[in-house]
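Colleague: Sharing a structure with you now.
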Amino acid sequence: MENIQEQFNANKTGDFLLAPGEYQGPLLIDRPGVFDGGNATLWSADGPVLTIAADNVTIKNLRIELAGGDNGAGTALQFQAGNPDSINLENVEVKGAVCGFAPEAENWTLPGLIALGNFAADTENTFTLQLEAAAAAQLECNVRGVRLAPLSLMPGANTITLTVSEMRHNTILYGEIMVKTRVSRRIYITGKALTEAQVHNEGQAVPNGPAVSLPVQMTAPLEMLAPDIDDSNVQHIKRGQRLSVKEWQNSVLKIALEYQTEDAQLDIDGYCFMLQGGRVRRDEDLIFFGNTESQGGAVKMSQVNDRPLTLVELAKAPADVERIAVCYSIYGDNQTQRFSAVKGAVVRIFSADKEIYRFALDELYEEKTAVAVEIYRYKGEWKMNFVGAGYHSGLRHLCESYGVNIE
């Protein structure tokens, strides 16, 4: 774990850019300037996690987390300088209290998790939620098929109606509600659609709103990704990092791609190559939507809400397979559809139901195809290389480089 205070103190300029990842606090910012968290997480077991002791400070793109406590228990962010109005917060998420930022209220008591339990499949369900707000706030929900009303909280007790649209049997519901003031606070929601479960009809259904493109529904039981509720222990990976996966080589590794795009016609497919000496042994070593499972079952390709999902069981990998490359390609020959149109692409890696690694597929622009992750043997041990490299020329060049014949 990198010492974030030493990094900050060593930087003598006003502005500071943090590399993506996870950093243990506490951190004291005692000079004006811009602190760009790079979407990293700053955490500490004790508060305050981040203290601002200077005026004219901008904090952006940062998650500040008081580990081990519920939302609102202990201080995540505090201000000790003279003019709180000179502090600018942009895309800042907190878990814990925010102190000294008038008019930001301190005493939030939001739940960390709302568990809907089991609800009836193939029909609409409505739930009534009670949220206690310390100040006025706005609600945002990123869960496909879930609608909220009202989207504004008033100070005090609030009754919120949550409507879940029709979901197939055995669908896992997982996602987040964001409560937004000057900062954001996250509430996870979970549930499961079952044919035999009762219909929830606790209020008037919220009318249909705009579609949300984030993938959250999990379908077939083998393919369920039940993400860890608290992701503070998820390791955020940088491009080029190599890590041992020996600990998980006897379990199922689930590699999921999540992304957003405003182009409704843009689809990204997953491709997995089983390699010996850098090339496939046979054409069947390419696992994709036309050949969804390798011989012996070491690699399977599936989808979750039209997003590619790769299942890898290293214990089943043939002895002569030295490397498994997990790749993604934008479908079709439309040359205007490139990774520049893809937002927030992230590879999430799970062992069983626990997320272990998260890797942002950023810095891809004109490419149509990308090698995301390679799993390889080294001295009898499986390791993982986070590549994140792209091909402008698309899928054909990638396949040919791995020895796959393209007709």
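Colleague: Out of all the residues in region 300-340, which are over 23 Å from the mean Cα position of the chain (by Cα) and among the acidic types (Asp, Glu)?
Modeller: Asp320, Glu322, Asp333
Colleague: Further question: Give just the number: which of (1) in a strand (DSSP E or B); (2) in the same structural domain as Leu27 (by TED's automatic domain parsing); (3) under 16 Å from Thr181 (Cβ atoms) does Asp85 not satisfy?
Modeller: (1)
Colleague: Report whether or not Phe359 is of a type in the set (Phe, Trp, Tyr), crowded, with 16+ Cβ neighbours inside 10 Å and over 18 Å from Val404 (Cα atoms). Write out each step before concluding.
Modeller: Numbers: of a type in the set (Phe, Trp, Tyr): yes; crowded, with 16+ Cβ neighbours inside 10 Å: yes; over 18 Å from Val404 (Cα atoms): yes.
Yes: the conditions hold for Phe359.
Colleague: Return a yes/no flag: does region 142-158 have any residue that is buried (at least 18 other Cβ atoms within 10 Å of the Cβ), small (Gly, Ala, Ser) and within 17 Å of Val94 (Cβ to Cβ).
Modeller: For region 142-158, residues buried (at least 18 other Cβ atoms within 10 Å of the Cβ), small (Gly, Ala, Ser) and within 17 Å of Val94 (Cβ to Cβ): absent.
Colleague: Sort through Lys343, Lys354 and tell me the only one that's more than 17 Å from Gly240 (Cα to Cα), under 21 Å from the mean Cα position of the chain (by Cα) and at pLDDT below 85. Full working, then the answer.
Modeller: Working: Lys343 fails: at pLDDT below 85.
Lys354 is the lone residue from the list that is more than 17 Å from Gly240 (Cα to Cα), under 21 Å from the mean Cα position of the chain (by Cα) and at pLDDT below 85.
Colleague: Out of all the residues in region 293-306, which are under 12 Å from Asp269 (Cβ atoms) and exposed (fewer than 13 other Cβ atoms within 10 Å of the Cβ)? Show your work before the answer.
Modeller: Within region 293-306, the first condition is being under 12 Å from Asp269 (Cβ atoms), and the residues that meet it are 301-303, 306.
Asp306, the sole residue that qualifies.
Colleague: From Val346, Val404, Val371, grab the single residue that is out of contact with any Cys (no Cβ under 7 Å at 6 or more places or on another chain) and in a strand (DSSP E or B). Full working, then the answer.
Modeller: Working: Val404 fails: in a strand (DSSP E or B); Val371 fails: out of contact with any Cys (no Cβ under 7 Å at 6 or more places or on another chain).
Just a single option satisfies the conditions, and that option is Val346.
Colleague: Going through Leu173, Leu110 one at a time, which residue ends up being under 24 Å from the mean Cα position of the chain (by Cα) and either closer than 15 Å to Gly203 by Cβ or in a loop (DSSP other than H, G, I, E, B) (or both)?
Modeller: Result of the check over Leu173, Leu110: Leu110.
Colleague: Report the residue count in region 113-162 for those that are of a type in the set (Gly, Ala, Ser), assigned to a strand (DSSP E or B) and farther than 16 Å from Gln204 by Cα. Show your work before the answer.
Modeller: From region 113-162, those of a type in the set (Gly, Ala, Ser) are 115, 117, 120-121, 133-137, 145, 149, 152, 156-157; that's our starting set.
Narrowing the set further to residues that are assigned to a strand (DSSP E or B) leaves 115, 117, 120, 133, 137, 149, 152, 156-157.
If we keep only those that are farther than 16 Å from Gln204 by Cα as well, we get 115, 117, 120, 133, 137, 152, 156-157.
Selection size over region 113-162: 8.
Colleague: Ok, one more. Grab the strands (runs of 3 or more DSSP E) fully contained in region 224-329, keeping just those with 2 or more residues being touching a Cys at 6+ places or on another chain (Cβ under 9 Å).
Modeller: 268-276, 299-304, 307-313
Colleague: Across region 250-303, what is the total count of residues that are without any contact (Cβ under 8 Å) to a residue 12 or more places away in the chain and hydroxyl-bearing (Ser, Thr, Tyr)?
Modeller: Number of matching residues: 1.
Colleague: Taking only region 67-76 into account, find how many residues are at pLDDT below 85 and touching a Leu at 6+ places or on another chain (Cβ under 9 Å). Explain how you work it out, then say what you get.
Modeller: At the first step, the residues of region 67-76 found to be at pLDDT below 85 are 67-74.
Adding the requirement that they be touching a Leu at 6+ places or on another chain (Cβ under 9 Å) leaves 70-74.
So the count comes out to 5.
The values are calculated or read from the model by the stated rules, or taken from the named source; none is laboratory data. Here the structure is a predicted model, which means the values were calculated and not measured. All Cβ positions, even for glycine, are placed from backbone atoms using ideal geometry, and neighbour counts span all protein chains on display.
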